[in-house]
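The values are calculated or read from the model by the stated rules, or taken from the named source; none is laboratory data. Note that this is a predicted model, so its numbers are computed, not measured. So basically every Cβ, Gly included, is an ideal-geometry build from the backbone, and we count neighbours across all protein chains shown.
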Amino acid sequence: MTQVTTSQPTQGAPRLTREQRVARGKAARTEVPRSSHAEFTVGPDRADPLTLLEGQGLNRVPELLPIRYGRMVSSAFAFFRGAALPMASDLAHTPQSGLTVQACGDAHLANFGVFASPERHLVFDINDFDETLPGPWEWDIKRLATSLEIAGRARDYPEKERRRIVLAAVAAYRRAMRAFAGMHSLDVWYAHADMADIEAVADVRLAGRQRKAIARNAAKAQTKDNLGALGRFASVDDGRPRLNPDPPLIVPIRDIVGSDAEIETTEVQLRSMLAAYAETLDPERRVLLDRYRLVDMARKVVGVGSVGTRSWMLLLLEDGEHPLFLQAKEAGASVLEAFVEASEYDNSGQRVVVGQRLMQAVGDIFLGWVRVQGLDGQRRDFYVRQLRDWKGSAEVESMVPAGMRAYGEVCGWTLARAHARSGDRIAMAAYLGGGPSFDEAVREFAEAYADQNERDHQSLLDAVRSGRITAEAAV
């Protein structure tokens with residue numbers, strides 16, 4: 001197993017000058033040429049991806065695993081979404097410049113999207129941090145590039161169009177990093193993309209129909225708020241709001257624990273959990289949270305790769321009517337931890353929250369973490385956030401090539417900004433350079449890894465047919 005050192009300078013360490021940081025980046029080119037990032041070969045010692053996925057399932061809810069596999073068999077892109085661990089295992093054997101950032105760990109194109117800032121503006125950013133950890137920056141951009149190649153294949157784009165899309169995204173990352181290298185740290189920290197920026201790109205690149213689709217998606221995202229969630233997920237039963245069951249995707253806590261006595265005991269535990277979670281919030285946000293009272297909770301299946309982890313939706317009300325929906329999502333070790341240094345945080349929920357705050361330009365005011373004893377008596381880590389706060393994502397399935405290219409460029413810029421906040425942006429910019437050498441290399445890698453992803457997806461299909469793995473029809 002390849003182990004990558006990811007330590008970063010401490011506050012008291014000597015600071016390099018700009019010239020020294022540029023020299024550091026250029027020296028890394030000699031040790032790890034940019035063209036070397038095209039490399040991807042499968043050796044005889046490659047870890048079996050299905051064995052890795054099955055290992056993840058050992059700590060998950062057993063009855064939900066067939067749903068996970070059912071979603072992953074539906075397409076090569078769905079498989080890729082759920083296969084962050086196999087790709088991390090493969091990336092650990094690829095060239096690395098030695099420059100470290102706070103990595104997302106799962107930076108595929110579906111993990112970017114819009115959501116509400118605390119100022120109630122729609123912003124665009126990375127929106128999934130389950131795997132975040134300090135690590136090689138190259139791993140994130142290679143996962144993004146590969147996801148674009150796979151999505152382009154799913155849409156039957158010609159090879160030439162797919163290459164343009166991937167090259168444009170990687171070039172956007174490189175150019176953005178070079179721009180951030182010339183900025184002051186505070187300016188980098190404040191940089192963000194809002195809907196005005198997205199629409200500006202759309203005005204230049206897209207036809208009227210695609211621009212209207214973006215506007216519709218933005219408007220739709222703003223309907224995904226707490227009040228909308230109340231209408232979708234809850235109803236009134238004997239004068240009390242209750243979460244509606246929709247098994248196996250949504251199962252209220254009352255349908256899991258059984259008797260009235262167990263329900264009462266569980267409710268006491270849940271309130272204790274909320275109090276512990278509240279301690280991780282800033283004081284003024286604890287005051288805000290205290291306006292609400294927990295009235296119901298349900299297990300909710302989310303995502304593709306996350307299916308089987310414990311995820312709960314919590315309904316809280318102010319004055320018995322104004323809703324707040326929170327999501328408590330189980331956090332385990334990052335898929336990167338087997339290949340880089342372990343997280344410095346004992347609580348995996350805290351790992352996720354700290355990583356998210358490092359990478360996102362703006363964040364959820366209710367983002368926090370907690371460790372709690374589950375229904376099975378096991379203590380587990382969770383991070384907590386709002387369930388629906390103007391959240392929206394691109395409709396990849398309906399994108400035309402020009403739309404995916406523009407979307408990929410915005411994702412590339414966003415990823416560079418996230419990396420520039422925590423990494424040595426000046427050294428990284430010097431390493432990337434002003435030419436397309438790195439772009440071309442990553443494009444070649446994306447093609448090769450997309451081929452491997454198709455073979456791995458086929459292996460999963462074969463395992464389902466043979467009975468090794470049980471999969472339910474995608475729900």
**Q.** Residue in segment 251-270 that is assigned to a loop (DSSP other than H, G, I, E, B) and touching a Gly at 6+ places or on another chain (Cβ under 8 Å) present
**A.** no
**Q.** Residue that is more than 20 Å from the chain's Cα centre (by Cα) and at pLDDT 95 or above, where the choices are Asp376, Asp424
**A.** Asp424
Q. Taking into account only those residues within segment 443-465 that are touching an Asp or Glu at 6+ places or on another chain (Cβ under 8 Å) and of a type in the set (A, V, I, L, M, F, W, C), which is surrounded by the fewest Cβ atoms within 10 Å (Cβ to Cβ)?
A. Ala450
Q | Residues that are closer than 24 Å to Asp376 by Cβ and either at pLDDT below 90 or surrounded by fewer than 20 Cβ atoms within 10 Å (Cβ to Cβ) (or both), drawn from segment 275-294 | A | Ala275, Ala276, Thr280, Leu294
Q) Leu324: in a strand (DSSP E or B) and out of contact with any helix residue (DSSP H, G or I) (no Cβ under 6 Å at 6 or more places or on another chain), yes or no? A) no
Q: Considering each of Arg60, Arg24, Arg81 in turn, give the residue that is under 30 Å from Asn111 (Cα atoms) and modelled with pLDDT of 95 or more.
A: Arg81
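Could you identify the single residue in Ile150, Ile165 that is within 20 Å of the chain's Cα centre (by Cα), of a type outside the set (Lys, Arg) and assigned by TED's automatic domain parsing to the domain that holds Glu409?
Ile150
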Q: Can you work out which of the residues in segment 286-304 that are outside any helix (DSSP H, G or I) and not hydrophobic (A, V, I, L, M, F, W, C) is nearest to Arg271 (Cα to Cα)?
A: Arg293
Q: Being crowded, with 22+ Cβ neighbours inside 10 Å and modelled with pLDDT under 95 narrows it down to one of Gly412, Gly403, so name that one.
A: Gly403
(Q) I need a count of the residues in segment 232-265 that are in contact with a Pro (Cβ under 9 Å, 6 or more places away or on another chain), without any contact (Cβ under 8 Å) to a residue 60 or more places away in the chain and of a type in the set (A, V, I, L, M). (A) 1
Q. Can you pull out the helices (runs of 4 or more DSSP H) entirely within segment 354-467 that have at least 2 residues that are among the hydroxyl-bearing types (Ser, Thr, Tyr)?
A. 401-422, 437-466
Q) Pairs under 8 Å by beta carbon, first residue without any contact (Cβ under 8 Å) to a residue 24 or more places away in the chain and closer than 17 Å to Ala394 by Cβ in segment 122-147, partner surrounded by fewer than 24 Cβ atoms within 10 Å (Cβ to Cβ) and of a type outside the set (A, V, I, L, M), six or more apart or different chains? A) none
Q: Determine whether segment 295-305 contains at least one residue that is surrounded by fewer than 20 Cβ atoms within 10 Å (Cβ to Cβ), among the hydrophobic types (A, V, I, L, M, F, W, C) and in contact (Cβ under 8 Å) with a residue 24 or more places away in the chain.
A: yes
Q) Which residues, counting only those in segment 154-192, are in a loop (DSSP other than H, G, I, E, B), surrounded by fewer than 18 Cβ atoms within 10 Å (Cβ to Cβ) and among the small types (Gly, Ala, Ser)? A) Gly182
